[in-house]
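Step one of this worksheet: look at the structure below.
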Amino acid sequence: MDRAALASFLFRRREALRPGDVGLPDGARRRTPGLRREEVASLAGMSTDYYTRLEQRRGPHPSAQLLTALSRALRLTADERDHLFRIAGQSAPTSMDAATHVAPALLRVLDRLDDTPAMILSCLGEALVQNRMAVALFGDRSGNTGLARSEVYRWFTDPAERLIYPVDDRDRQSRAQVANLRAAYGVLGAKSAAGELVRALQRESDEFAELWQRHEVATRFTDHKTLLHPELGPIELDCQVLFTEDRSQALLVLTAAPGTEGHAKLELLSVLGHERFTDASR
C-alpha cells in the first residue's frame with residue numbers, strides 16, 4: 001500500500017469534481033474547488049473520519065469493497081479504478097468484478113434524475129446503482145449477493161420477484177428476461193458469468209429451461225408497463241433505456257406523461273421515498 005500515492009490520488013480526484021458532477025447542489029459557500037471530504041465519504045457510504053485518514057496517509061488498509069465504493073463516488077474511469085486498487089495494495093478487479101464498474105457517463109446522467117425512478121443495470125440484470133425513487137419503487141437491491149444479484153435469476157427462483165408485475169404480464173416478462181440473457185450469453189460466452197447463470201437456471205427452473213430452448217434473443221427496449229406498488233397500487237409507466245457503447249450496462253428510466261394517473265402516483269412515490277430516506281438517516 002502506497003499511502004502517499006493513495007492520499008494524493010484521492011485528493012486530486014476529489015478536487016477535480018464539482019457538486020453538480022455527482023448530483024449535489026453547488027451551494028453558496030465553497031472556499032475550495034471540488035467536493036468536500038464529507039461529501040465523498042457520504043457518496044461512498046463510509047465515515048468522514050475514515051476517508052479523512054486515507055487522505056492524511058494514516059488510514060487502515062482499505063478493502064476491495066471500499067475501493068469499489070470510492071471508485072464509484074469519485075466517478076473514476078476503469079483505468080483510474082485499477083490504479084486506485086493497485087496503490088491501495090489490492091489486485092485490480094477481475095474481469096467479472098470489472099464488469100460491474102459503473103460507467104461514469106451513465107452515472108452523470110443518473111445523478112441528475114431525482115424525480116423519477118432510474119437505475120443502472122449490467123447486461124446480466126444486476127442493479128449496480130439505484131436512485132432513491134427506484135429504491136422506493138423496486139426496493140433496495142444492493143443487498144443481493146451471488147447469483148441472486150441478477151434479476152433474471154431472481155425472476156425464475158424467487159416467486160416474490162414477480163409480484164411487482166400484473167399476473168397477465170408475467171409470461172411476457174419471462175420471455176423478455178430469457179431473451180436478454182441470451183443476448184448477453186452470445187457476447188460473453190459459455191465460460192462467463194452469463195454461462196454460469198444459464199447453467200444454474202437450467203438446473204433450478206423448468207420454465208427457464210423450456211424458454212431457453214426457443215433461442216429468442218433481444219436486448220432491453222422501449223416499453224410501456226404497469227408495475228404494482230404495495231402502497232400505491234398499479235402504476236402505468238414508460239420505460240426508456242440508455243446503453244453504454246458496448247451495451248454492457250444500461251440506464252433504465254421510468255416516467256409517466258404529465259397529467260396522467262401514473263404521473264400523480266410518481267409524485268406520491270417521491271414523497272414516500274423521501275420520508276423513508278429521512279427516517280433511515282436518523
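No value in this document is a laboratory result; all are computed from the given coordinates. Just so you know, these numbers come straight off a predicted model, no measurement behind them. Cβ: placed from backbone, ideal geometry, glycine included. Neighbour counts: every protein chain shown.
At Ala257 and Thr219, where each label point lies 7 Å from the Cα along Cα→Cβ, what is the point-to-point distance in nanometres?
2.8
Scanning the chain for GluC sites (Glu not before Pro) in DSSP loops with at most 15 other Cβ atoms within 10 Å, what's the longest stretch left with none?
In the chain, the maximal stretch lacking such sites is 1-215.
Pairs of Cα atoms under 8 Å, at least six residues apart: use those to get the relative contact order of the chain, whole percent.
15
Looking only at Gln177, Gln202, Gln130, which one moves most when the chain is put into a Gaussian network model with springs between Cα atoms under 10 Å?
Gln202
For the stretch 125-282, count the residues as N, evaluate 2.2 N^0.38 Å, and divide the Cα radius of gyration by that value, please. All intermediate terms of the calculation are to be shown ahead of the outcome.
Numbers: Rg = 16.5 Å, N = 158, 2.2 N^0.38 = 15.1 Å.
Cα Rg divided by the expected 2.2 N^0.38 Å: 1.09.
Label points 7 Å out from Cα along the Cβ direction at Arg203 and Val167: separation in nm?
3.3
Over every pair of different alpha-carbon atoms in the stretch 218-271, take the mean of 1/r and invert it; report that Kirkwood radius in Å.
12.3
From the helices alone, meaning DSSP H stretches of at least four residues, give me the mean residue ellipticity at 222 nm for the chain, per-run term -39500 (n - 2.57), in deg cm²/dmol to the nearest 500. If you can, show how the numbers build up before the last one.
On the way: 13 runs with 135 residues, N = 282.
Rounded to the nearest 500, it is -14000 deg cm²/dmol.
Could you give me the ³J(HN,Hα) list for the stretch 203-215, computed from phi with Karplus coefficients 6.51, -1.76, 1.60 and θ = phi - 60°, whole Hz, x at Gly and Pro?
Each residue's phi maps through the Karplus curve to give 6, 9, 9, 5, 4, 4, 4, 5, 5, 4, 5, 6, 6 Hz.
DSSP loop (so not H, G, I, E, B), at most 11 other Cβ within 10 Å: list which chymotrypsin sites (Phe, Trp or Tyr not before Pro) in the stretch 152-242 pass both filters.
Passing sites in the stretch 152-242 are Phe221.
Assuming 0.36 nm per residue, please report the length gained on full extension of the stretch Leu268 to Asp115 beyond their Cα-Cα distance.
54.0 nm
Charges only on Cβ, +1 for Lys and Arg, -1 for Asp and Glu: so what's the dipole of the chain about the Cα centre, in debye to the nearest 20?
1300
Quick check: the angle from helix 64-73's long axis to the longest principal axis of the chain, C-alpha only, nearest 10 degrees?
90
With point charges of +1 on the Cβ of Lys and Arg and -1 on the Cβ of Asp and Glu, referenced to the Cα centre of the chain, which listed residue (Pro159, Ala209, Leu124) lies farthest in the positive direction of the dipole?
Ranked along the dipole, the leading option is Leu124.
Give me Val217, Val129 sorted ascending by neighbouring Cβ count inside 10 Å, so fewest comes first.
Val217, Val129
Suppose we look only past 30 Å in the calculated P(r) of the chain. What percent of the Cα-Cα pairs does that tail hold?
Numbers: 14463 of 39621 pairs.
Every Cα pair in the chain considered, those over 30 Å come to 37 percent.
Calculated FRET efficiency, Glu196 and Gln65, Cβ-Cβ r, R0 30 Å, to nearest 0.05?
Numbers: r = 21 Å, r/R0 = 0.70.
The calculated FRET efficiency here is 0.90.
With angles folded into 0 to 90 degrees, how steeply does helix 261-281 sit against the dominant principal axis of the chain? Use alpha carbons for both and round to 10.
Between the helix axis and the principal axis of the chain, the angle is about 40 degrees.
What does the charge count near His61 come to, summing +1 for each Lys or Arg and -1 for each Asp or Glu among other residues with Cβ under 12 Å from its Cβ?
+2
Toward the positive end of the charge dipole of the chain, about the Cα centre and with charges on Cβ (Lys, Arg +1; Asp, Glu -1), which of Met1, Ala193, Ile235 goes farthest?
Result: Met1, furthest along the dipole toward the positive end.
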